[in-house]
Amino acid sequence: MTNLDDDGLEPGRELADFDAFFAEQAEAEPEGVPLKLYGRTYTLPGTLPALFTLQLHRVQHSARPEDIRRLLSSLFGPDAVDHWTERGMSDRQLGIVLLWSTANVADPGAVSMERAAQLYDEREQAKAQGKARPRPAKPKGSKGNGSKRPRSSGKRS
C-alpha cells in the first residue's frame, strides 16, 4: 500500500475518503466514566481507543511489563501503572480494575466493582482448576501401567 496525497492519484481513480466519511458519521463523543484510585481521579475514555484494542491482543501473549504499561496508558495515562505499583497494587486489584474499566468504557454502569471482583475471582479459580486437573480414575482391576502384559523384573534374559 502506498501513502499518496490527493495529487498522487491516477486519473480516473476514485479516492476512498475516510476523513470525509468519518466526519459525516461523527456523533458526540460519549463522556467517560470517572474513577478514583490511590488518591488520583481518572476519567475513562468514552470509547475504547484503537491502541487499547491492538495492545490487548499483544498482551494476551506477553508477560512483558512494558506491554501492559502501554495497554493501560491508553486508558489511564502514561504514569498510572507506575503510580499504582508504587502504592502496592496487587495482581488481583489490577485485574479487577482492568475488568471493571473495560466493561464500563463500552457500557457505563454495566459492571459494579463488586461484580468485577467476582468475575476476576471466578476467572482465576477456573485457571487454577485447569492447571491442576485431576487424572482420570483408573478402571477397576487395572494395574495402572496401561499395559496388558505382566510386569517384568527388568532383568534381561
For W84, all conditions in the list (1) free of Cβ contacts under 8 Å to residues at least 40 places away in the same chain; (2) touching a strand residue (DSSP E or B) at 6+ places or on another chain (Cβ under 8 Å) hold save one; what is the number of the exception? (1)
Could you check how many residues of the stretch 75-105 are part of a helix (DSSP H, G or I) and either touching a Cys at 6+ places or on another chain (Cβ under 8 Å) or of a type outside the set (D, E, K, R) (or both)? 20
Which pairs turn up if I take residues in the stretch 89-113 that are closer than 16 Å to Q60 by Cα and look for partners that are buried (at least 17 other Cβ atoms within 10 Å of the Cβ) and hydroxyl-bearing (S, T, Y) with beta carbon separation below 8 Å, at least 6 apart in sequence or on another chain? G95/Y120; L99/Y120
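For the stretch 44-65, which residues satisfy the criterion of being of a type in the set (S, T, N, Q) and loosely packed, with under 13 Cβ neighbours inside 10 Å?
Within the stretch 44-65, T47, T53, Q60 qualify.
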Taking the stretch 67-96 only, how many residues are more than 16 Å from T41 (Cβ to Cβ), of a type in the set (G, A, S) and loosely packed, with under 15 Cβ neighbours inside 10 Å? 2
Unmet criterion (only one of (1) at pLDDT 90 or above; (2) assigned to a helix (DSSP H, G or I)) for L72: (1)
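The values are calculated or read from the model by the stated rules, or taken from the named source; none is laboratory data. These numbers come from a predicted model, not from an experiment. Using ideal geometry, Cβ is built from the backbone for each residue, glycine included, and neighbour counts are taken over all protein chains shown.
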